[in-house]
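See below for the structure under consideration.
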Amino acid sequence: MSVLNSKVPTGPIKDKWTKHKNDINLVNPANKRLIDVIVVGTGLAGGAASASLAEMGYNVKSFAYQDSPRRAHSIAAQGGINAAKNYQNDGDSVYRLFYDTVKGGDYRSREANVYRLAEVSANIIDQCVAQGVPFGREYGGLLANRSFGGVLVSRTFYAKGQTGQQLLLGAYAAMNRQIGKGKIKMYNRHEMLELVVVDGKARGIIARDMVTGEIERHSAHAVVIASGGYGNVFYLSTNAMGSNVTAAWRIHKKGAFFANPCYTQIHPTCIPRSGDYQSKLTLMSESLRNDGRIWVPKNIEDVEGIRTGKIKPKDLSEDQRDYYLERRYPAFGNLVPRDVASRAAKERCDAGYGVNATGEAVFLDFASAIQRYGKERAYVQGHKNPTQEEITRLGEQVIEEKYGNLFQMYEKITADNPYKTPMMIYPAVHYTMGGIWVDYNLMTTIPGCYCAGEANFSDHGANRLGASALMQGLADGYFVLPYTIGDFLADEIRTGEIPTNLPEFDEAEKEVKDRIEKLMNIKGSKSVDHFHKELGKVMWNNCGMSRNEAGLKDAIVKIKAIREEFWKDVRIPGTANELNPELEKAMRLVDFLELGELFAVDALHRKESCGGHFREESVELDGEQKGEAKRDDVNFKYVAAWEWTGNPSEAKLNKEELEFNDIELKQRSYK
Amino acid sequence: MSDKGMNLTLKIWRQKDSKSKGKMETYKLSDISEHMSFLEMLDVLNEQLINEGQEPVAFDHDCREGICGMCSLYINGEAHGPDRGITTCQLHMRMFNDGDTIVIEPWRAAAFPVTKDLIVDRSAMDRIQQAGGFISVNTSGNTQDANAIPINKSDADKSFDAAACIGCGACVATCKNASAMLFVSAKISQFALLPQGQVEAKERVDNMVKQMDLEGFGNCTNTGACEAECPKGISLENIARMNREFIKSAVLKDK
């Protein structure tokens with residue numbers, strides 16, 4: 001019998017959430033004033049939760065490591081947000097969104113959570129429009145939709161290529177309203193470094209004021225972690241430079257189980273890296289795959305010419321090109337899910353067809369779309385016999401309206417004009433589906449400690465579909481957590497304020513101060529980034545797009561060695577009592593160096609291929625699906641929730657068996 | 001990959017904390033690739049300083065893709081440097097030449113005190129937003145259907161264009177009066193252009209302008225430098241719209 005209780009309500013799936021809301025204990029408005037809640041992180045999940053909890057009457061304390069809550073990395077999400085509105089009348093429904101999400105996640109997510117997500121998705125759009133989020137609209141004044149990878153309907157709402165920004169600014173505005181009223185106390189430039197557990201319940205955090213270096217105690221009746229994903233364990237990713245696992249890892253070490261750490265999404269359309277100095281990778285929205293066609297040269301002889309610039313991409317005729325996604329997956333073509341698209345790019349590049357100097361790039365070509373749109377627009381404008389030039393000009397105009405900011409961003413980074421020559425793209429680490437294990441109420445295995453958004457594991461299984469991260473963040477923050485947290489807080493109305501002079505606070509504070517002192521006293525010879533890059537190389541080479549037993553075992557040995565070396569030889573200039581970016585980075589790397597090992601341990605134990613986790617030992621050997629990933633539902637249809645025992649390699653595996661009552665398990669096929 | 005390997009002289013503002021006096025320091029860098037971003041060039045400098053046992057230069061940055069608004073820097077007398085329509089993190093070294101001297105300063109404005117080196121305190125901008133930069137609607141699962149109110153596409157697009165502001169503060173830093181009018185007007189315009197925002201338009205403009213003045217930002221004298229330096233191309237028309245909203249509110253005073 002598993003120690004994990006998912007607390008999924010009984011009854012038919014479509015009634016579970018409604019029934020659960022009716023059963024949840026409520027806190028009366030007068031009592032809410034007596035209850036404090038800490039929220040760590042101000043992205044979509046944390047920002048939405050902070051605002052909603054404060055509106056309900058709780059006293060909220062919000063923490064962000066940035067100088068303003070508006071800067072959380074949700075802001076960088078480009079493409080869009082899914083919702084089962086069926087405004088396009090293309091047969092969408094709550095069930096279909098649920099189905100696509102479970103299938104896209106390769107049947108490794110919890111069915112009831114995903115259904116709830118699909119159910120509240122429509123409310124999110126209503127809420128955001130009411131807040132003044134300027135979504136894209138049609139000329140009739142109604143909301144526009146686009147389609148996104150891995151699905152056959154248009155259910156994605158968007159604000160140009162800045163959807164995450166607009167949604168986050170909506171949550172930020174809602175927060176501002178509560179900050180102005182004094183219901184949220186905002187702590188900018190503060191980093192949570194430890195969780196405080198009193199009598200088995202999460203009662204506070206230890207945080208560092210990043211400007212003064214002061215170590216502070218903050219107490220509350222419950223703690224919500226919404227600190228985002230851990231993609232930066234790879235050093236290079238599309239995450240912000242400061243995105244980190246520290247808050248999540250610290251609660252893990254205090255008793256919260258970490259689920260499926262190996263489920264990482266490698267996004268297929270990012271700008272390829274250009275050199276060793278590279279500090280981050282930039283995403284080009286997946287929405288570009290609606291109009292861009294992905295290809296490499298068909299003949300290996302042409303590759304060299306392309307790499308050296310002797311042959312221009314447009315010199316190659318259609319039959320000299322290999323549109324490999326359209327060839328391999330005729331039904332979905334360029335719109336296959338991200339994991340499939342990424343592996344296919346790697347397969348071509350590994351075979352020697354990469355189109356840039358590093359051999360790690362494929363083309364994303366808009367020429368066909370420009371011609372198609374140009375002809376359409378010419379027709380609409382009444383040009384019955386448009387010239388080629390006119391078609392191209394009008395087509396480029398349409399592309400600019402749809403993706404202008406992305407094209408501009410690409411040109412600024414690469415100095416290539418993507419209207420005239422195809423973009424070059426390559427997969428990069430983007431999103432982590434794994435995270436802190438939570439039950440249906442989003443509570444971790446520590447009572448009173450909740451986890452929302454990308455930081456938890458709950459809704460995306462082994463692979464996240466495009467435009468679903470924004471949906472999950474806001475669903476958790478606006479519509480799930482504010483209700484479910486009441487179930488715990490209803491028993492806290494007589495607790496009174498939690499004092500910060502308890503021995504548990506002393507102990508947690510001492511742990512943090514000792515950690516900082518130990519780091520500052522190493523006075524070694526190498527920078528924090530040196531070790532982070534070393535870790536990143538091991539993660540990318542051994543735990544990246546494809547994994548095997550030998551490589552993962554090797555990774556565990558190497559990560560341990562890097563960690564040992566780090567603790568002996570890192571150099572952190574300055575002092576701990578001032579603004580010190582090197583110390584901040586070191587504190588985060590301490591936790592990445594442990595998480596990286598657990599990541600490899602998890603990947604090693606999961607001997608199947610599923611979603612973003614591709615094990616070379618587990619592929620289809622023949623038939624139509626030959627060479628594609630092979631899932632093993634007999635042995636691995638569970639969530640791997642790891643329990644800290646003092647050392648990542650000795651983490652204890654707890655299993656939550658997944659039940660699928662409303663969906664038939666199938667091998668994914670996008671052929 | 002071809003590397004020009006530039007040699008550069010950097011003159012950078014160093015200041016220990018908000019209470020200390022700061023000064024310009026000079027550093028030499030060699031073999032800088034034209035493909036590097038400006039901030040990657042500073043990473044190289046910092047790695048060099050750390051290896052030499054010196055304190056690295058503190059600067060704000062986070063997403064490094066031009067959207068979070070965290071990076072700043074006044075480079076050779078221009079907010080976000082010599083290129084247009086981008087933030088400092090998107091600036092690439094191909095905009096510079098071998099042998100160049102590059103002067104790097106923090107945002108300069110009375111309302112933006114220096115925290116350390118190139119980092120400034122922009123919390124004044126947050127406080128203006130807290131005074132009224134929102135629509136007073138609570139979270140509920142029962143707001144009316146998103147398509148209940150059709151919105152003219154042109155208005156919706158203009159609202160989006162104003163909402164694209166990233167709150168970096170380049171407009172303030174570049175304005176000779178250190179005015180925050182472009183920043184404030186962007187939020188006021190976003191909501192003024194939408195039916196949802198018009199309900200409390202009067203309170204919003206009054207409260208935000210009042211807070212803006214309290215924070216010590218200067219006035220607008222229509223030089224247009226803010227629009228030119230804005231990485232997101234926020235239009236001066238927004239300032240005109242804010243002024244109209246402000247006058248409308250004064251004329252329609254009902255209390």
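The values are calculated or read from the model by the stated rules, or taken from the named source; none is laboratory data. Just so it is clear, the structure is predicted and the values come from calculations on it, not from any experiment. Virtual Cβ from ideal backbone geometry, glycine too; neighbours counted across all protein chains shown.
The table for this structure:
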| quantity | calculated |
| --- | --- |
| Residue check, A:G275 within 14 Å of another protein chain (Cβ to nearest Cβ) and either more than 25 Å from A:V639 (Cβ to Cβ) or crowded, with 24+ Cβ neighbours inside 10 Å (or both) | yes |
| Some residue of the range A:471-491 being outside any helix (DSSP H, G or I) and touching a strand residue (DSSP E or B) at 6+ places or on another chain (Cβ under 6 Å) | no |
| Among the residues listed as B:A192, B:A173, B:A228, B:A186, the single one being surrounded by fewer than 17 Cβ atoms within 10 Å (Cβ to Cβ) and hydrophobic (A, V, I, L, M, F, W, C) | B:A228 |
| Subset of the range A:404-440 (residues that are under 18 Å from A:H267 (Cβ atoms), modelled with pLDDT of 95 or more and of a type in the set (S, T, N, Q)) | A:T432 |
| Subset of the range A:115-141 (residues that are in a loop (DSSP other than H, G, I, E, B) and farther than 28 Å from A:T18 by Cβ) | A:G132, A:P134, A:G136, A:E138, A:Y139, A:G140, A:G141 |
| Matching residues in the range B:216-255 - criterion: being in a helix (DSSP H, G or I) and more than 25 Å from B:G69 (Cα to Cα) | B:N243, B:R244, B:E245, B:F246, B:I247, B:K248, B:S249, B:A250, B:V251 |
| Test: residue in the range A:152-164 that is in a helix (DSSP H, G or I) and buried (at least 24 other Cβ atoms within 10 Å of the Cβ) | yes |
| Filtered residues of the range A:278-292 (kept if farther than 15 Å from A:A428 by Cβ and surrounded by fewer than 24 Cβ atoms within 10 Å (Cβ to Cβ)) | A:N290, A:D291 |
| Among the candidates B:C89, B:C63, residue that is touching a His at 6+ places or on another chain (Cβ under 7 Å), modelled with pLDDT of 95 or more and within 8 Å of another protein chain (Cβ to nearest Cβ) | B:C63 |
| Candidate set from the range A:199-222 (those that are within 22 Å of A:S458 (Cα to Cα) and out of contact with any Phe, Trp or Tyr (no Cβ under 7 Å at 6 or more places or on another chain)); member that is surrounded by the most Cβ atoms within 10 Å (Cβ to Cβ) | A:A202 |
| Number of the condition not met by A:S154 [criteria: (1) in contact (Cβ under 8 Å) with a residue 40 or more places away in the chain; (2) within 11 Å of another protein chain (Cβ to nearest Cβ)] | (2) |
| Evaluation of A:M186 against (1) within 9 Å of another protein chain (Cβ to nearest Cβ); (2) outside any strand (DSSP E or B) (one fails), failing number | (2) |
| Of the criteria (1) in contact with a Gly (Cβ under 6 Å, 6 or more places away or on another chain); (2) within 14 Å of another protein chain (Cβ to nearest Cβ); (3) part of a helix (DSSP H, G or I), which one A:A576 fails | (3) |
| Hits in the range B:27-45 (condition: more than 24 Å from the chain's Cα centre (by Cα), among the polar types (S, T, N, Q) and facing chain A (nearest Cβ under 10 Å)) | B:S33 |
| Residue list for the range B:124-141, restricted to those being more than 7 Å from every other protein chain (Cβ to nearest Cβ) and either touching a His at 6+ places or on another chain (Cβ under 9 Å) or of a type in the set (S, T, Y) (or both) | B:S140 |
| Criterion (of a type in the set (A, V, I, L, M, F, W, C) and touching a residue at least 24 places away in the same chain (Cβ under 8 Å)) met by exactly one of A:L364, A:L316 | A:L364 |
| Tally of residues being more than 14 Å from every other protein chain (Cβ to nearest Cβ), over 20 Å from B:N46 (Cα atoms) and surrounded by fewer than 24 Cβ atoms within 10 Å (Cβ to Cβ) across the range B:66-86 | 2 |
| Unmet criterion (only one of (1) closer than 22 Å to A:F407 by Cβ; (2) part of a loop (DSSP other than H, G, I, E, B)) for B:I151 | (1) |
| Any hit, the range B:23-30, residues being small (G, A, S), part of a loop (DSSP other than H, G, I, E, B) and modelled with pLDDT of 95 or more | no |
| Residue ID - nearest to A:K103 (Cα to Cα), chosen from residues in the range A:327-367 that are surrounded by 15 or more Cβ atoms within 10 Å (Cβ to Cβ) and among the acidic types (D, E) | A:D339 |
| Any chance B:N46 is free of Cβ contacts under 8 Å to residues at least 40 places away in the same chain, more than 29 Å from A:R177 (Cα to Cα) and not small (G, A, S) | yes |
| Residue count for the range A:44-75, restricted to those that are outside any helix (DSSP H, G or I), away from chain B (no Cβ under 11 Å) and within 28 Å of A:N232 (Cα to Cα) | 3 |
| Complete set of residues in the range A:636-663 that are part of a strand (DSSP E or B) and surrounded by fewer than 16 Cβ atoms within 10 Å (Cβ to Cβ) | A:K652, A:L653, A:K655, A:E657 |
| From B:C89, B:C171, residue being in contact with a Phe, Trp or Tyr (Cβ under 6 Å, 6 or more places away or on another chain), among the hydrophobic types (A, V, I, L, M, F, W, C) and assigned to a helix (DSSP H, G or I) | B:C171 |
| In the range B:6-22, the residues that are touching a residue at least 40 places away in the same chain (Cβ under 8 Å) and not in a strand (DSSP E or B) | B:Q15, B:K16, B:D17, B:S18, B:G22 |
| Tally, over the range A:80-119, of residues that are surrounded by 22 or more Cβ atoms within 10 Å (Cβ to Cβ), over 27 Å from A:A640 (Cα atoms) and away from chain B (no Cβ under 14 Å) | 1 |
| Long-range neighbours under 8 Å by Cβ, at least six apart or interchain, first residue free of Cβ contacts under 8 Å to residues at least 60 places away in the same chain within the range A:171-196, second assigned to a helix (DSSP H, G or I) and of a type in the set (S, T, N, Q) | A:A173/A:Q131; A:A173/B:Q129; A:N176/B:Q129; A:N176/B:Q130; A:I179/B:Q130; A:G180/B:Q130 |
| Among (1) buried (at least 21 other Cβ atoms within 10 Å of the Cβ); (2) touching a strand residue (DSSP E or B) at 6+ places or on another chain (Cβ under 7 Å), the one test that A:S147 misses | (1) |
